[in-house]
């Protein structure tokens, strides 16, 4: 099949996939409207409970502890989605059984990537969908861990560690049994102890790291850097700001192209 025909095939496949997502979204919205009046009081109570849980996770979880460097993202129902997918989790069928390649263009340099749709179809479908919708464009890589483990965390539109695309998903896919994440690994961030809390945040491993599994398991590995590891290593070499986990080097994602 020619390159042009392949691109046309992928375009049609993606459009069909997106149409199914919108159909599912509308069906959920209709169901929500039907039951909304009967659960207002319950939802009000639920918001209070969730707020307490989120604060507890944020205070006790990996992002707040200076001695625990495990990549994590905290949930944020208050942040609206930046993407047009309406909070619908992309179907893994979009990405399964194939390898994707592409470029993450950043203000610090380009990073070439390879994504494994066979090993982590849900994670790859999620990343590909968000990338094609421009979700990552203009976001910054907000977190750099240089002690114990060695990762640069990106994919949060709020740059707070709390941003998400309006949905979360799981379970964990393709986590290494030995907890070793080699340099070049691309994996999903999540809340500590919660394997259903992945969203848009991901991390780039710039030096071999052993990241202990928690009660939920390890971290979803969905790809690797095939070029540009030196770009991430240079960001790490510049260090963090005033002992925080903010990189000294401002790193903005200028675009993500995936084929």
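No value in this document is a laboratory result; all are computed from the given coordinates. Computed from a predicted structure; not experimentally measured. When we count neighbours, we look across all protein chains shown, and the Cβ atoms used for this are built from the backbone with ideal geometry, even at glycine.
Considering only residues that are free of Cβ contacts under 8 Å to residues at least 12 places away in the same chain and in a loop (DSSP other than H, G, I, E, B), which ones fall in segment 238-247?
241, 242, 243, 244
Which one of the conditions (1) in contact (Cβ under 8 Å) with a residue 40 or more places away in the chain; (2) within 12 Å of the chain's Cα centre (by Cα); (3) buried (at least 24 other Cβ atoms within 10 Å of the Cβ) does residue 120 fail to meet, given that it meets all the rest?
With (1) in contact (Cβ under 8 Å) with a residue 40 or more places away in the chain; (2) within 12 Å of the chain's Cα centre (by Cα); (3) buried (at least 24 other Cβ atoms within 10 Å of the Cβ) applied to residue 120, the lone miss is (2).
Of all residues in segment 95-109, how many are without any contact (Cβ under 8 Å) to a residue 60 or more places away in the chain, on the phi < 0 side of the Ramachandran plot and either out of contact with any strand residue (DSSP E or B) (no Cβ under 8 Å at 6 or more places or on another chain) or in a strand (DSSP E or B) (or both)?
Residues in segment 95-109 being without any contact (Cβ under 8 Å) to a residue 60 or more places away in the chain, on the phi < 0 side of the Ramachandran plot and either out of contact with any strand residue (DSSP E or B) (no Cβ under 8 Å at 6 or more places or on another chain) or in a strand (DSSP E or B) (or both): 3 in total.
Residues that are out of contact with any strand residue (DSSP E or B) (no Cβ under 8 Å at 6 or more places or on another chain) and on the phi > 0 side of the Ramachandran plot: does segment 214-222 have at least one? Explain how you work it out, then say what you get.
Pass one, segment 214-222, residues out of contact with any strand residue (DSSP E or B) (no Cβ under 8 Å at 6 or more places or on another chain): 214-218.
From the residues that got through so far, the ones that are on the phi > 0 side of the Ramachandran plot too are 217.
Yes, there is a match, as at least one residue in segment 214-222 is out of contact with any strand residue (DSSP E or B) (no Cβ under 8 Å at 6 or more places or on another chain) and on the phi > 0 side of the Ramachandran plot.
If I ask for residues that are surrounded by fewer than 15 Cβ atoms within 10 Å (Cβ to Cβ) and within 21 Å of residue 127 (Cα to Cα), which ones from segment 218-232 would you list?
Within segment 218-232, 226, 227 meet the criteria.
Can we say residue 235 is more than 15 Å from the chain's Cα centre (by Cα), buried (at least 21 other Cβ atoms within 10 Å of the Cβ) and either more than 23 Å from residue 124 (Cβ to Cβ) or in contact (Cβ under 8 Å) with a residue 12 or more places away in the chain (or both)?
Taking the combined requirement at face value, the residue satisfies it.
Looking at 207, 112 in this structure, which one is touching a strand residue (DSSP E or B) at 6+ places or on another chain (Cβ under 8 Å) and either part of a strand (DSSP E or B) or free of Cβ contacts under 8 Å to residues at least 60 places away in the same chain (or both)?
112
When segment 142-161 is examined, which residues are found to be in contact with a strand residue (DSSP E or B) (Cβ under 7 Å, 6 or more places away or on another chain) and not in a strand (DSSP E or B)?
Of everything in segment 142-161, those that are in contact with a strand residue (DSSP E or B) (Cβ under 7 Å, 6 or more places away or on another chain) and not in a strand (DSSP E or B) turn out to be 142, 146, 149, 150, 155, 159, 161.
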